[in-house]
Amino acid sequence: MTQPTPPYRPTAAPPGRRTPAWLADAVIYQIYPQSFADSDGDGIGDFPGVLSRLDHLEHLGVDVIWFSPCFTSPFGDAGYDVADYLTVAPRYGTNDDLVRLVAEARRRGIRVMLDLVAGHTSHLHPWFRAAAADPDDDRYIWSDRIGTPVSHWIPAPGAREGYYLANFYPVQPALNFGYARPHPDQPWRQGVDAPGPQANRAALREIMAYWFDRGIAGFRVDMAFSLVKDDPGLAETSKLWTEMREWIDSAYPDCALIAEWGDPAVSVPAGFHADFFLHFVGDALRSLWGNAQGSHRADWGTAPCYFAPEGGGTLEPFLAAWQAASTAAAGSGHVALPTANHDFSRLACGTRTRDMTAPAFAFQLTWPTLPTIYYGDEIGMRYVPGTPDKEGAQLDDGQVRQGSRTPMQWDDGPNAGFSTAPADRLYLPIDPAGDRPTVAAALADPGSLLHRVRRLIALRRAHPALGTGAGVEVLHSGYPFVYLRGGTHLVVVNPRRDPAAAELRPGTVPPGTEPHPLEADRVTLDGTRIHAEGFSYGIFDLRPTS
């Protein structure tokens, strides 16, 4: 029996800091647009295809769609190399197609968020082409000599001499938001108030305003922590986002920013409405479902994760990170918890199969975070090993990201209903497994993962004690994981193959109440004794005894 943690209670928001009410209750659904639904038979997903599949998302019950980058790009990094922030990439359709999709989704109660690549552009962006021809243009970071790390300094193209700083791949020149510590001997290290950095701040507002005015509800900001360079403690980067938050609160108070930062304890106080726990920042997310059997960097180690059929994991890294983040963010924003994403392995990966993932959803959808479901996870799509590299997906450090980017599996027709294109023209191959799950098969099976996830989302919506606004108290952090939500709802999760048991301390269940199962799968309560079979979960309402 582990020691219970003190109950967390949300506090009031800081004066003047607004958070849209819709965000607190949102269940977010991430779509990798090139892999979701192809309407025109070219083998690549598009916005008309998404529009044709909105019934699935409405039935699932999600509130927000977040699209990975969808702007014009040469796709050296799957769209994270943007060549025009104000134009949809032709492979996905037109701006009008996106606006039409936004309107129809909103009619169904679903908002749409886009991905904003704020720290760099494509080397084909007109801004960069202009800067490469003009030594006085400071929208990017240029040096007359190679800096460190050497691999990030790329020889300048065009008439300009020297080198430019790249953020990730060489085709992604870093926008200049200044250096926190300028130095006179290094003239490229401009201060944050220099004209180039200020012009880029203004451009961020212009881009966001353009899409906000067309119905977009917000942005997930790529590499949000990376803007100001040599920034100890990320103080200047935080000031930048505080400035953006103040502008949004004033001009677009119903819109939201979610960070790809990975440290909500810093990013939410800095101005973001929410931030994700991420696989590459700390071990909070990896300690939950990072089983080192998919896209995995060697220096992450191979310690067992908690949600593994073999058991042996611990929740302590997650609970410590969550406690710190929730304390810092309370009242001013939220912590977001993804099932997976385009860079990290799916829940169904390696020895953890589709039929073992329901407990992970039971936890994700009853913990006080913003749950984010990666497309296809709701039917148990798996991380597909051996998938060929595509548009920069495979990294030298062991991250083989394309295994999480395969096409959505809709039915048993050709290409799993994703596209009418010949198989060799698909963006990525369909999962070749003979037992691959599909939406159609899941809908026909009342016991499918899809129906379980749909019920869990509906349960979260029907019971505010299971959402972000109620407190949580951990009662047992081993196997099974047991916690109390809002003082009224008991949750039990056992994600391992072996059964597990726990003894509640006397008084945990308030006198005069008894647990009533709302959604229970092979979890039983006998007084203070809990028994959970392998891969089980239970959500109980503590109701007054009659």
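The values are calculated or read from the model by the stated rules, or taken from the named source; none is laboratory data. Only a predicted model underlies this, so the values are computations on that prediction, with no experimental measurement involved. Heads up, the Cβs are rebuilt from the backbone with ideal geometry, glycines too, and the neighbour counts pull from every protein chain shown. Side chains included, ligands, DNA and RNA excluded: accessible areas come from the protein's heavy atoms. Shrake-Rupley method; radii C 1.70, N 1.55, O 1.52, S 1.80 Å.
General observations
- Other residues lying with their Cβ under 13 Å from the Cβ of residue 196 contribute a combined charge of -1, Lys and Arg counting +1, Asp and Glu -1.
- Entry comment: accessible area of the range 430-546 is 41 Å² per residue, from protein heavy atoms only and a probe of 1.4 Å.
- Normalised by 2.2 N^0.38 Å, where N counts its residues, the alpha-carbon radius of gyration of the chain equals 0.98.
- Between amide H atoms placed 1.01 Å from N, distances below 5 Å from residue 87 occur with 72, all of them 5 or more places distant or on a separate chain.
- Taking the centroid of alpha carbons for each part, the range 457-498 and the range 225-301 are 25 Å apart.
- The long axis of helix 235-251 is offset from the longest Cα principal axis of the chain by roughly 80 degrees.
- Relative to the longest principal axis of the Cα atoms of the chain, the long axis of helix 95-107 lies at roughly 20 degrees.
- The coefficient of translational diffusion for the range 33-157, derived via Stokes-Einstein from the alpha carbon Kirkwood radius under 25 °C and 0.890 mPa s, stands at 149 µm²/s.
- Solvent-accessible area of the chain (1.4 angstrom probe, protein heavy atoms only): carbon and sulfur portion equals 54 percent.
- Value in Å of the Kirkwood radius, where the range 239-374 supplies the Cα pairs that are averaged: 15.6
- Here the range 387-447 has an Rg and Dmax of 13.5, 43 Å, counting Cα atoms alone.
- Percent of C-alpha pairs per 10 Å bin, the range 457-511, short to long: 23, 47, 29, 1
- Here the dipole of the range 189-249 is about 120 debye; that uses its Cα centre as origin and unit charges on the Cβ of Lys and Arg (positive) and Asp and Glu (negative).
- GluC sites (Glu not before Pro) restricted to the range 453-546 and DSSP loop, no more than 16 other C-beta within 10 Å: none
- Among 105, 94, 79 the positive-end extreme of the charge dipole of the range 45-109 (Cβ point charges): 105
- Radius of gyration over Kirkwood radius for the range 400-536, both on Cα atoms: the Rg/Rh ratio is 1.11.
- The phi torsions of the range 343-360, fed into the Karplus equation with coefficients 6.51, -1.76 and 1.60 and a -60° offset, translate into couplings of 10, 10, 4, 5, 4, 7, 8, x, 6, 8, 9, 3, 6, 9, 8, 4, x, 5 Hz, rounded to whole numbers, with Gly and Pro shown as x.
- Classification of the range 360-415 by its C-alpha gyration tensor yields an oblate form. The axis ratio a/c (a ≥ b ≥ c) is 1.5 or more, and b/c is at least a/b.
- Working ranking of peptides 357-364, 415-422 by packing, defined as the average number of other Cβ atoms within 10 Å per residue, highest first, is 357-364, 415-422.
- Rounded tilt (10° steps) of 316-329 against the dominant C-alpha axis of the chain: 70
- The phi torsions of the range 441-456, fed into the Karplus equation with coefficients 6.51, -1.76 and 1.60 and a -60° offset, translate into couplings of 5, 5, 5, 7, 10, x, x, 5, 4, 4, 5, 5, 5, 4, 5, 5 Hz, rounded to whole numbers, with Gly and Pro shown as x.
- Using a probe of 1.4 angstrom and keeping all protein chains present, the accessible surface of the range 166-237 works out to 37 square angstrom per residue.
- Ratio of Rg to Rh over the range 134-225 (Cα coordinates, Kirkwood Rh, two decimals): 1.02
- The chain: antiparallel DSSP beta bridges as a percent of all, rounded to 5: 60
- Projecting label points 7 angstrom from Cα along Cα→Cβ for residue 18 and residue 136 puts them 4.1 nm apart.
- Among 387-395, 476-484, the order from most to least packed when residues are scored by Cβ within 10 Å on average: 476-484, 387-395
- Per the Cα gyration tensor, the range 238-286 maps to an equivalent ellipsoid with semi-axes of 23, 10, 6 Å, ordered largest to smallest.
- Residue 424/residue 52 FRET efficiency (R0 25 Å; Cβ-Cβ; nearest 0.05): 0.60
- Between the amide H of residue 115 and those of 67, 70, 220, distances stay under 5 Å, these residues lying 5 or more places away or on another chain, with hydrogens modeled in the peptide plane.
- For the range 144-219 versus the range 23-73, the gap between their alpha-carbon centres in whole angstrom: 30
- Computed lengthening from residue 254 to residue 323, 0.36 nm per intervening residue step minus Cα-Cα distance: 22.1 nm
- Using the Stokes-Einstein relation with a Kirkwood hydrodynamic radius computed over Cα pairs, the translational diffusion coefficient of the range 313-465 at 4 °C and a viscosity of 1.567 mPa s comes to 76 µm²/s.
- Placed amide H near residue 175: partners under 5 Å, 5+ positions off or other chain: 120, 121
- For the range 114-121, 3J(HN,Hα) computed residue by residue from phi via the Karplus equation (6.51, -1.76, 1.60; θ = phi - 60°) reads 10, 9, 10, 8, 8, x, 7, 10 Hz, glycine and proline entered as x.
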